[in-house]
Amino acid sequence: MRVWVYPEKVYEEFGAERWVAEVEVVPSRWAVMSEEEREDVDPGCFPVERFAFRGSKAHQQATAKAKRILYRSAFGQARVQKQVVGWYVEEDRIAKWDDVGETEYVD
């Protein structure tokens, strides 16, 4: 059954699966900042990059992408997570991507 997926605003099959690679990209200039300069920067303002993959090789693609984007970051870990379309508001047939299984971290 096709359902409306929030907040992506697309139709998907209920129960569809995907793998997501996600990393908070910390600029390389962060590594050369002094402690005083770092105190003036809000770490919450760093962009989060997220990529979704589907298909038989989705897990491998998500892991490879996580490694690639992690190299552009000064430090941290990338997250690789399996997601499935599940109900958000069943009465209105609105769904969302739910995390399932264990989260994998790529260093």
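The numbers here are math on the coordinates, done by the rules we state, and not lab data. Because the structure is predicted, anything quoted here is derived from the model rather than measured. No Cβ is skipped: glycine too gets one built from the backbone with ideal geometry, and neighbour counts run over all protein chains shown.
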field: Intensity falloff of the chain expressed as log10 I(q)/I(0), Debye formula with alpha-carbon point scatterers, at q = 0.09, 0.15, 0.20 Å⁻¹
entry: -0.32, -0.72, -0.99
- request: Round to the nearest 10 and give me the degree value, 0 to 90, for the angle of helix 58-70's Cα axis relative to the longest principal axis of the chain.
  value: 20 degrees
- request: With springs connecting C-alpha atoms under 10 Å apart, model the chain as a Gaussian network and identify which of 86, 44, 55 has the largest mean-square fluctuation.
  value: 44
- prompt: Among 24, 36, 12, which one moves the most in a GNM of the chain with springs linking Cα atoms closer than 10 Å?
  reply: 36
GNM result for the chain, Cα springs below 10 Å: residue of 20, 80, 41 fluctuating most strongly: 41
- line: The relative contact order of segment 1-63, taking Cα pairs under 8 Å that sit 6 or more residues apart, comes to a percentage of 37 percent
message: If the reach is capped at under 18 angstrom between alpha carbons, list the lysines near residue 9, excluding any in the same chain fewer than eight residues apart.
response: 96
query: Under the definition of Cα pairs under 8 Å and six or more residues apart, what whole-number percent is the relative contact order of segment 2-106?
result: 36 percent
- prompt: Using only helices, what value at 222 nm comes out for the chain when you add -39,500 (n - 2.57) per DSSP H run of length 4 or more and divide by the total residues, to the nearest 500 deg cm²/dmol?
  reply: -4500 deg cm²/dmol
query: Quick one: putting +1 on the C-beta of Lys and Arg, -1 on the C-beta of Asp and Glu, what dipole do you get for segment 2-106 around its Cα centre, in Debye to the nearest 20?
result: 760 debye
statement: The summed charge of the residue 59 Cβ neighbourhood (under 12 Å; Lys/Arg +1, Asp/Glu -1) stands at +3
query: Which listed residue (86, 44, 58) has the Cα farthest towards the positive end of the charge dipole for the chain, taking +1 on Lys and Arg C-beta and -1 on Asp and Glu C-beta about the Cα centre?
result: 58
- line: Counting only DSSP loop positions in segment 1-100, the chymotrypsin sites (Phe, Trp or Tyr not before Pro) whose Cβ has at most 13 other Cβ atoms within 10 Å are 71, 75
